[in-house]
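Novice: Can you keep this structure in mind? I'll have questions shortly.
The values are calculated or read from the model by the stated rules, or taken from the named source; none is laboratory data. Please read these numbers as outputs of a predicted model, since none were measured by experiment. Every residue, glycine as well, gets a Cβ built from its backbone with ideal geometry; the counts of neighbours run over all protein chains shown.
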Amino acid sequence: MVQSGETQGSSRWKWLWVLGGGLGLVVLALVIWVATDQGSVYIGPNVTIVRPTYQGEPLPIATLSIPYQADDPYFDTINVVVDLNQDGVFAAYQTADGVTQEEWVVQNFSARVVTGEGNSFGFALPDPGADMRTQLPVVIALSEEPLSMWAGETSENLETHATAVTAIETDEISRRMVLDPTGEGDTGFGSVGLAQAATSEAPHRPPSSSDATNGADGAPGEVKKEFNVFHGGVPDVTQRENECVPTSTANSLMWLAEKYNFKDKLPGDVQAVIAELKEDMKWQAASGVTTDLNFFPGKDAFVKRHNLPLVTHWVSETQFDLEIMDKIATELQKGQDVEVSLEYGQYDAEGQYHRTGGHMVTAVGARRMGNGDVYLEIHDPLSPGPELLDLYRIDGTRVIDYRYQARAGVTYIRKAIAESPIEQPVVEEPRTPIDAATKQAIGDELTGEAETTTIKTVQPKTYAPSTYYDETHVSMKVLVLNGARYPLYQFWGYDDPSECSADHYHAAMAGLPVYSLDYQPLDNPDPTGCGFGAIADLSVEQRILTVEEFESIQTTISNRQLGR
């Protein structure tokens with residue numbers, strides 16, 4: 001599976017080795033390029049580096065963007081080196097101001113190798129001279145494991161790609177966002193109605209993971225479980241000025257509408273959704289949306305007006321919650337979508353933290369890797385798109401190297417908001433005249449003149465076969481019948497009470513038995529009536545299984561139902 005960039009492109013480039021002095025240290029020097037993109041079948045052309053500017057002033061974090069032209073779920077890790085000073089070596093150097101500039105700009109970062117979802121990574125770019133240079137050599141390495149002491153070399157365990165960035169581009173963001181509209185650090189992200197996390201000192205200092213690393217006795221903190229969740233197909237609309245809240249919300253709504261089949265209920269395309277959300281959320285040109293005051297009322301007004309099957313809720317009851325990434329991952333795993341409220345801040349000379357602004361983005365994925373590193377994957381309305389996945393390493397609540405923060409600034413996850421899909425209610429259609437033939441067809445014994453009746457549209461609810469608890473486990477619901485446990489995905493829940501005066505269960509595969517966890521069959525006892533019984537009278541339990549156990553249960557039940 002792994003292909004070496006050297007074997008693919010060795011006819012067009014070669015390595016130059018330079019002997020170091022002293023101890024005879026062999027130093028790896030730069031690749032000599034005689035052509036452009038060479039190597040990986042996964043990485044597409046046009047790798048770019050972009051430095052954001054605000055009113056002409058360069059911001060300290062640049063963005064390296066990599067397009068993908070093939071999928072691979074096994075490449076978890078990406079590394080990138082760039083020869084920013086063009087000295088022929090991939091190594092850190094000192095700028096004219098005495099600041100260290102790293103050239104291993106993406107180091108053992110989480111990768112999401114998905115066609116059409118290029119990855120963007122923020123990295124510190126303190127060297128202003130790099131902005132003036134052209135044809136910057138780049139080597140990219142995809143791997144299944146982290147690397148150590150890497151300087152651009154190839155190996156049989158790496159998928160490598162050599163290219164060059166023509167020039168560092170600029171992106172003026174003041175056309176899309178005012179970093180501090182009032183001059184007082186207030187962009188509409190207040191703290192009305194929000195509790196503070198127990199470990200938080202916000203607004204003096206939002207917490208990072210070091211606050212929870214050790215207990216009071218100095219004992220190491222608990223090892224957190226890994227998670228890995230990603231929503232493909234989420235829109236990535238670039239915002240207009242100060243429209244981050246309605247834009248990130250519209251991204252979520254468009255994805256949910258596609259997934260849960262209610263696109264016909266929306267007012268039109270994504271720009272039409274944004275326009276209505278702006279009005280509902282009392283958007284102001286100078287400050288955007290006051291999230292804590294107007295987000296929920298505005299969102300609820302939009303949902304109610306269009307009769308959307310959604311409920312909006314906070315992901316956490318506290319702001320700057322150290323468990324926020326686990327909670328975001330849980331919501332995404334449920335098939336919900338999440339908007340993340342970010343807060344910009346700075347530390348003064350005395351080390352006191354001061355809020356300087358806020359922003360909102362759409363969460364697309366989340367991952368905790370085996371080494372404990374945590375990543376948030378977002379579609380950022382500020383980031384020029386479309387469909388370019390921005391990946392950030394998260395330290396507690398701090399977003400490391402967020403590219404749109406001010407010079408000497410920091411960025412934190414303040415809060416997160418989720419939209420939960422809910423079951424559509426049964427629809428009662430208008431009372432409709434019917435004749436005797438129609439009555440007889442539906443089993444009506446009445447005779448005589450045409451009468452009226454209410455025809456109820458019954459749509460059975462199917463139950464999802466699983467919810468992935470983490471990468472290796474599945475949360476499965478089971479229905480308890482006569483002391484035995486039956487996987488709930490084998491049933492339909494009917495909302496129509498006409499036959500048994502209560503909502504009730506039927507077999508999802510009509511005419512076939514359902515099977516318990518020990519594979520005992522059970523036929524539907526009342527297929528034309530109340531089925532297996534009233535939903536309110538039966539209990540449902542939750543079982544955590546390994547993926548292998550769950551798949552074995554599914555396969556065995558399917559084979560037995562089909563007589564294999």
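Novice: Which one is surrounded by the fewest Cβ atoms within 10 Å (Cβ to Cβ), of the residues in the range 50-86 that are among the small types (G, A, S) and in contact (Cβ under 8 Å) with a residue 60 or more places away in the chain?
Specialist: G56
Novice: State which residue is modelled with the highest pLDDT when the search covers only the range 525-555 and only residues that are assigned to a strand (DSSP E or B) and closer than 16 Å to K477 by Cα.
Specialist: Looking at the filtered set, the residue picked out is V540.
Novice: Something else now. Please list, ordered by residue number, the strands (runs of 3 or more DSSP E) wholly in the range 87-173 having 2 or more residues that are in contact (Cβ under 8 Å) with a residue 40 or more places away in the chain and farther than 22 Å from D72 by Cα.
Specialist: In the range 87-173, 118-124, 134-143, 159-167, 169-172 are the strands (runs of 3 or more DSSP E) which contain 2 or more residues that are in contact (Cβ under 8 Å) with a residue 40 or more places away in the chain and farther than 22 Å from D72 by Cα.
Novice: May I pose another question? Of these, T163, T187, which one is over 26 Å from D373 (Cα atoms), β-branched (V, I, T), surrounded by 20 or more Cβ atoms within 10 Å (Cβ to Cβ) and at pLDDT below 80?
Specialist: On inspection, the qualifying residue turns out to be T187.
Novice: For A250, work out the one condition from (1) in contact (Cβ under 8 Å) with a residue 40 or more places away in the chain; (2) not in a loop (DSSP other than H, G, I, E, B) it doesn't fulfil.
Specialist: So A250 meets the others, but not (1).
Novice: I've got another one for you. Could you figure out which of (1) under 19 Å from I61 (Cβ atoms); (2) buried (at least 22 other Cβ atoms within 10 Å of the Cβ) isn't true of L388?
Specialist: All conditions are met except number (2).
Novice: Now a separate question. From the residues in the range 255-293 that are of a type in the set (S, T, Y) and touching a Ser or Thr at 6+ places or on another chain (Cβ under 7 Å), which one is surrounded by the most Cβ atoms within 10 Å (Cβ to Cβ)?
Specialist: That would be T291.
Novice: Do the conditions hold for V270, that is, is it assigned by TED's automatic domain parsing to the domain that holds D380 and more than 20 Å from the chain's Cα centre (by Cα)?
Specialist: no
Novice: Scan the range 510-532 for residues that are surrounded by 15 or more Cβ atoms within 10 Å (Cβ to Cβ) and within 14 Å of Q490 (Cβ to Cβ) and jot them down.
Specialist: Here is the first cut: in the range 510-532, the residues surrounded by 15 or more Cβ atoms within 10 Å (Cβ to Cβ) are 512-517, 522, 524, 530-532.
The answer is L512, P513, V514, Y515, S516, L517, L522, N524, G531, F532.
Okay, residues lined up against (1) touching a strand residue (DSSP E or B) at 6+ places or on another chain (Cβ under 6 Å); (2) of a type in the set (D, E, K, R); (3) surrounded by fewer than 17 Cβ atoms within 10 Å (Cβ to Cβ):
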site: G129; (1), (2), (3): no, no, yes
site: A141; (1), (2), (3): yes, no, no
site: L147; (1), (2), (3): yes, no, no
site: S174; (1), (2), (3): yes, no, yes
site: M177; (1), (2), (3): no, no, no
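Novice: Can you confirm whether the range 513-524 contains a residue that is of a type in the set (S, T, Y), modelled with pLDDT of 90 or more and assigned to a loop (DSSP other than H, G, I, E, B)?
Specialist: So far as the range 513-524 goes, yes, one or more of its residues are of a type in the set (S, T, Y), modelled with pLDDT of 90 or more and assigned to a loop (DSSP other than H, G, I, E, B).
Novice: Can you confirm whether T362 is closer than 14 Å to S248 by Cα, of a type in the set (S, T, N, Q) and either at pLDDT 90 or above or in the same structural domain as P384 (by TED's automatic domain parsing) (or both)?
Specialist: So T362 passes the test.
Novice: Among the residues of the range 538-548, write down those that are without any contact (Cβ under 8 Å) to a residue 12 or more places away in the chain and surrounded by 12 or more Cβ atoms within 10 Å (Cβ to Cβ).
Specialist: none
Novice: Across the range 284-310, which residue is modelled with the highest pLDDT among those that are in a strand (DSSP E or B) and in contact with a helix residue (DSSP H, G or I) (Cβ under 8 Å, 6 or more places away or on another chain)?
Specialist: Of all residues in the range 284-310, those in a strand (DSSP E or B) come to 284, 288, 310.
Still in the list and also in contact with a helix residue (DSSP H, G or I) (Cβ under 8 Å, 6 or more places away or on another chain): 288, 310.
Numbers: G288: 86, L310: 91.
Per the stated criteria, the residue is L310.
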